[in-house]
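The next block holds one structure in the form of structure tokens; read it before the comments.
The values are calculated or read from the model by the stated rules, or taken from the named source; none is laboratory data. On a predicted model such as this, the values are computed, not experimentally measured, just so you know. All Cβ positions, glycine included, derive from the backbone under ideal geometry; neighbour counts span all protein chains shown. We work out accessible area using only protein heavy atoms, side chains counted, and drop any ligands, DNA or RNA first. Shrake-Rupley method; radii C 1.70, N 1.55, O 1.52, S 1.80 Å.
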Amino acid sequence: MSTRCQVKIRAVNGDDREAVTLYHHCDGYPSNMVPLIASAYQPGWEHGRVGKAASYVVAEDVGGYDIEQGHQLHGDIEWYYVLSIESELHIGAVPKWYLNVYDVPMDCNSVADMRLVFSGTILDAVKSVETMES
């Protein structure tokens, strides 16, 4: 059976109008997704834009994602990732990517029902990935 997940990409101080939510069909567990998401990060200013960051994340696994029309939770996901981007939008700015990783229980209706297993920078997430699935 596939392990599905969603990845929400948003600005740290933004709202859902500029957020992008992606649905990943399989291999949604942290030991696969965290390195995929992290491999999309580069310290260039354009990685500080939500839409650009989403396109870079999708490019790491082109056939694996669907871009959602909204931000509703799917009923079949086991993991939920929130990638928050903090950046000044000018040439020379170095964006910071923060990741929250949630374990999603059955019959989950909101993020409040999920178990947060990691919160920190994308680089720290890569270092901590082994502890997220336990």
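A few remarks follow.
- Spin-label model distance (nm) - Leu116 vs Asp76, 7 Å beyond Cα toward Cβ: 3.0 nm
- On full extension, the segment bounded by Glu133 and His90 gains 11.8 nm, given 0.36 nm per residue less the C-alpha separation.
- Principal-axis tilt of helix 50-59 within the chain, Cα atoms, nearest 10 degrees: 60 degrees
- Nearest-ten-degree value, helix 122-132 long axis tilted from longest Cα axis of the chain: 10 degrees
- Packing rank of 108-118, 40-50, where each peptide gets the mean count of other beta carbons within 10 Å, highest leading: 40-50, 108-118
- Taking all protein chains into account, the per residue accessible area for the range 49-134 stands at 59 Å² (1.4 Å probe).
- Only helices enter this figure: runs of n ≥ 4 DSSP H residues, each worth -39500 (n - 2.57), summed and divided by the residues of the chain, yield -7000 deg cm²/dmol at 222 nm to the nearest 500.
- The residues packed around Ala53, meaning those with a beta-carbon under 12 Å from its beta-carbon, carry a net charge of +1 if Lys and Arg are +1 and Asp and Glu are -1.
- Inter-probe distance in nm under a simple model that places probes 7 Å from Cα toward Cβ, at Asn109 and Glu18: 3.2 nm
- Carbon/sulfur fraction of accessible area - the range 13-134, other protein chains in place, 1.4 Å, %: 50 percent
- Size of electric dipole in the chain: Cβ of Lys, Arg +1 and of Asp, Glu -1, about Cα centre, debye, nearest 20: 340 debye
- Radius 12 Å from Cβ of Glu68, net charge of other residues (Lys, Arg +1; Asp, Glu -1): -1
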